[in-house]
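A short write-up of the structure that comes next.
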Amino acid sequence: MTERPTAQELTEAIAEFLGGEILPTLTDHRLRFRTLVAMNALGIVYRELAALPPEDDAERRELAQRIRAGDVDSGTLARVKADVEARLRVASPRYLDRY
Amino acid sequence: MSHGDYRIGNVVVDATGLVGILDWEFAHLDDPVRDLGFGLVRAWRFGVDDKRLGGIADVDAYLERYNGITGFDVRPEELDYWELAGNVAWAVGCLTQAQRHLRGQDRSVELAILGRLGAEVEYEICHLLEKVA
């Protein structure tokens, strides 16, 4: 299993937010039109992501399995941290500046 | 007895002092030191990372006063333990919130994104483990 929500699931959540919560509040025609265009663009991203091959997370799964089995050594923490850091570089890169 | 979500965002004060403690829905029987350590979790420092106690102060005076009032002898290492445990609880909380979105119980970007932002808490857990390793 790759990171959840996946990029596709995130675009879906944003589209629901725009369509369900923002669009009904907009009375300005130009803003309504632009929001609908933005939602269409998001739909393109969603479908394009659907066509991508799934991420190969075999290495992460293997590390998790070894930790669950109690098979840890002095390098395990560093490997976990490197994995977390790689995910943070996508999810919240500026957070890393705080250390 | 433990409040279960004892952090700066749930403490209400005014110029005269303590007004109240909010959000008791996680209260349960537990080590009272759990509450004392939970407020140290980095996520509740709201960006003021060098002030371990909710971004407002260091812990020495806090611990001294707590021990003075309660007659307990809570050691700094116990706070370290509960700070780590508090981070683990919040990391799991992030995933649980994201699941509420993914399962359709409560669809929202705010809950969804916690599934990814939980990596911040995981990073803090690694950092705390490195300090004691």
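The values are calculated or read from the model by the stated rules, or taken from the named source; none is laboratory data. As the structure is a prediction and not an experimental result, all values here were calculated from the model. Methodologically, a virtual Cβ is constructed for each residue, glycine included, from the backbone with ideal geometry; neighbour enumeration extends over all protein chains shown. To get the accessible areas, we keep the full protein, side chains included, count just its heavy atoms, and leave off ligands, DNA and RNA. Shrake-Rupley method; radii C 1.70, N 1.55, O 1.52, S 1.80 Å.
Points worth noting:
- Pairs with Cβ under 8 Å, 6+ apart, first in the range B:87-111 and without any contact (Cβ under 8 Å) to a residue 60 or more places away in the chain and basic (Lys, Arg), second crowded, with 18+ Cβ neighbours inside 10 Å and part of a helix (DSSP H, G or I): B:100/B:111; B:107/A:13; B:107/B:101
- Residue match in the range A:6-22 (condition: at pLDDT 95 or above, in a helix (DSSP H, G or I) and farther than 20 Å from residue B:108 by Cα): no
- Inside the range B:85-109, residues that are open to solvent by 70 Å² or more (accessible area, probe 1.4 Å) and either of a type in the set (Ser, Thr, Tyr) or facing another protein chain (nearest Cβ under 9 Å) (or both) make up a count of 3.
- Restricted to the range B:1-28, and to residues there that are assigned to a loop (DSSP other than H, G, I, E, B) and of a type in the set (A, V, I, L, M), the residue that is nearest to residue B:52 (Cα to Cα) is B:22.
- Neighbours by Cβ (under 8 Å, 6+ apart or cross-chain): first from the range A:59-86, within 12 Å of chain B (Cβ to nearest Cβ) and more than 15 Å from residue A:2 (Cβ to Cβ); second in a loop (DSSP other than H, G, I, E, B) and open to solvent by 40 Å² or more (accessible area, probe 1.4 Å): A:77/B:133
- Selected residue [surrounded by 14 or more Cβ atoms within 10 Å (Cβ to Cβ), within 12 Å of chain B (Cβ to nearest Cβ), touching a residue at least 24 places away in the same chain (Cβ under 8 Å) and among the charged types (D, E, K, R)] from A:3, A:9: A:3
- Among the residues listed as A:36, A:52, A:42, the single one being modelled with pLDDT under 95 and either in a helix (DSSP H, G or I) or not acidic (Asp, Glu) (or both): A:52
- Screening residue B:37 with (1) modelled with pLDDT under 95; (2) outside any helix (DSSP H, G or I); (3) surrounded by 17 or more Cβ atoms within 10 Å (Cβ to Cβ) gives one miss only, at (2).
- Residues in the range A:89-98 that are in a helix (DSSP H, G or I) and either touching a Lys or Arg at 6+ places or on another chain (Cβ under 9 Å) or among the hydroxyl-bearing types (Ser, Thr, Tyr) (or both): A:90, A:91, A:95, A:96, A:98.
- Matching residues, the range A:66-97, being basic (Lys, Arg) and exposed (fewer than 14 other Cβ atoms within 10 Å of the Cβ): A:68, A:89, A:94
- Only one of B:71, B:17, B:47 that is loosely packed, with under 13 Cβ neighbours inside 10 Å, under 15 Å from the mean Cα position of the chain (by Cα) and free of Cβ contacts under 8 Å to residues at least 24 places away in the same chain: B:47
- On inspection, residue A:50 passes the criterion of being within 16 Å of the chain's Cα centre (by Cα), away from every other protein chain (no Cβ under 14 Å), under 23 Å from residue B:99 (Cβ atoms) and free of Cβ contacts under 8 Å to residues at least 60 places away in the same chain.
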